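Each remark here refers to the structure printed beneath this line.
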Amino acid sequence: MTSFVRRLTVGSTIPHVPVHHQKFKPTIEIPAFPLLPHNIQRPLGIALRSRKYWRVEAVGPVGRAEGGDSTKKAGGGPGPGPCSYSLGDRTTEVERRERNRTVEVVVAAGVTVVLGVGNRVLYKLALVPLKHYPFFLAQLATFGYVLVYFSVLYLRYHAGIVTDEMLSMPKAPFLAVGLLEALGAATGMAAGAILSGASIPILSQTFLVWQILLSIIFLGRRYRINQLLGCFLVAVGVIISVASGSSSGHSLKEAGMFWSLLMIVSFLFQAADTVLKEVIFLDAAQRLKGGSIDLFVVNSYGSAFQALFICLLLPFLSKLWGIPFSQLPNYLKDGAACFLNIGGTLSSRCDGAPLLPLLFVIVNMGFNISLLHLLKISSAVVSSLASTFSVPISVYVFTLPLPYLGVASSLPTGFVAGAIILVTGLLIYAWTPSGSTAALPSPSN
């Protein structure tokens, strides 16, 4: 006679135990489901009047993964045990995720710094062949990005990465992003045409100040003292390393207060743009029920609206660059000929095109994407610090013998001291006192 033996748990889960076949000769048969007095001790077994006998044993609970007895964990091992979700394991899991997130932020920040340096250096190199057409290069980047971003967005949508829910997000925030970027570009060009190059790095440090203030107002962020001190030291380090030894203070006085304030307002627009993008990511996490909006959705719509407002501001912008609006079509035509390095005598002045301008456009696009990714997984302030850190490194790179640039520039007198202060500020900002929590919650990934 054959008996089928199955082990059952007394816990809330069903064990993953195979059925064992064994032969034995039963010594007693009892009716199915007998009513036994509770004080009579019998083996926990039930023998049915059948050719099959079932023996039921009480065993300890054995955990399993969701989905049935045959479900295994991702690693191929057995499911979690009954104590897998203890408080200690949860704490360990949270700590592991925090470590992984920290590593991800550090790697993303490093990539952003490298691309930021390449972006600044290649912009200088791209202006060698397009020395007379910087406005053309700016418009090439603005309108070229719209085409590239939407092409990538189309491919990602058909690959299933971008969903209909992402595309149905409200477009008003993207409209505001485009407006802020266009206003930041317009005011920055206007002030940059008057201010000296040495004074702009000093005024650019207001960008970080604006970001901190706007994140406190609109995101409810609260910063620790060490974070505020770190940001202050970073700004001071950049000013010392870039502007030391120059007549930047005298240049600011000569330019007048109006143009300095206009440049500060330009950085206000840019800071508001980055904080608004952070708001978009936070809002998307709620609308998508914990999901995350794709980077190219934000980049594509933001760039499209920026290009729209740039078109509306073209008469004003062309005048800032000293180009009468009536001559703008001829200017853009000549700029395109120089970019493609065609056109006879015109092309002789465009050595390095189209390679150098194309390299700048590609690296600039990668820099913008990495900057937005870093903002997404951390905060606007962290992305700003990474971008700021690339400034003194770029200054050092320009002291190297680079092609097309001729004689290398010399380091500012306070470069080393400024770099030390900057790095110290970054370390102080990143330092987390024991027993405290981070003051900058990040958007959902």
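Applying the criterion of at least 1 residues that are modelled with pLDDT of 95 or more and among the hydroxyl-bearing types (Ser, Thr, Tyr) to the helices (runs of 4 or more DSSP H) found wholly in the range 106-193 leaves 134-158.
Residues that are in contact (Cβ under 8 Å) with a residue 24 or more places away in the chain, open to solvent by less than 20 Å² (accessible area, probe 1.4 Å) and farther than 21 Å from residue 146 by Cα: does the range 316-324 have at least one?
Of the residues in the range 316-324, the ones in contact (Cβ under 8 Å) with a residue 24 or more places away in the chain are 316-318, 320-321, 323.
Next, from what is left, pick out any that are open to solvent by less than 20 Å² (accessible area, probe 1.4 Å): 317-318, 323.
With the extra rule that they be farther than 21 Å from residue 146 by Cα, the set shrinks to 323.
Yes, the conditions are met somewhere in the range 316-324.
From 310, 293, grab the single residue that is crowded, with 19+ Cβ neighbours inside 10 Å and either over 19 Å from residue 169 (Cβ atoms) or of a type in the set (D, E, K, R) (or both). Full working, then the answer.
On the way: 293 fails: either over 19 Å from residue 169 (Cβ atoms) or of a type in the set (D, E, K, R) (or both).
None of the others qualify; the one that does is 310.
Listed by first and then second residue, the pairs with beta-carbon distance under 8 Å, at least 6 apart or on different chains, first residue in the range 398-414 and under 18 Å from residue 242 (Cβ atoms) and open to solvent by 70 Å² or more (accessible area, probe 1.4 Å), second part of a loop (DSSP other than H, G, I, E, B) and at pLDDT below 85, are 400/408; 413/244; 413/245.
Annotation note: Cβ proximity below 6 Å between a residue of the range 105-118 that is among the β-branched types (Val, Ile, Thr) and a residue that is open to solvent by 20 Å² or more (accessible area, probe 1.4 Å) (sequence gap 6+ or interchain) occurs for 112/371; 113/389; 117/393.
The values are calculated or read from the model by the stated rules, or taken from the named source; none is laboratory data. Being a predicted model, the structure only gives us computed values, none of them experimental. A quick note on method: Cβ atoms are made from the backbone with ideal geometry, for glycine too, and the neighbour counts reach across all protein chains shown. Calculation scope for accessible area: heavy atoms of the full protein, side chains included, ligands and nucleic acids excluded. Shrake-Rupley method; radii C 1.70, N 1.55, O 1.52, S 1.80 Å.
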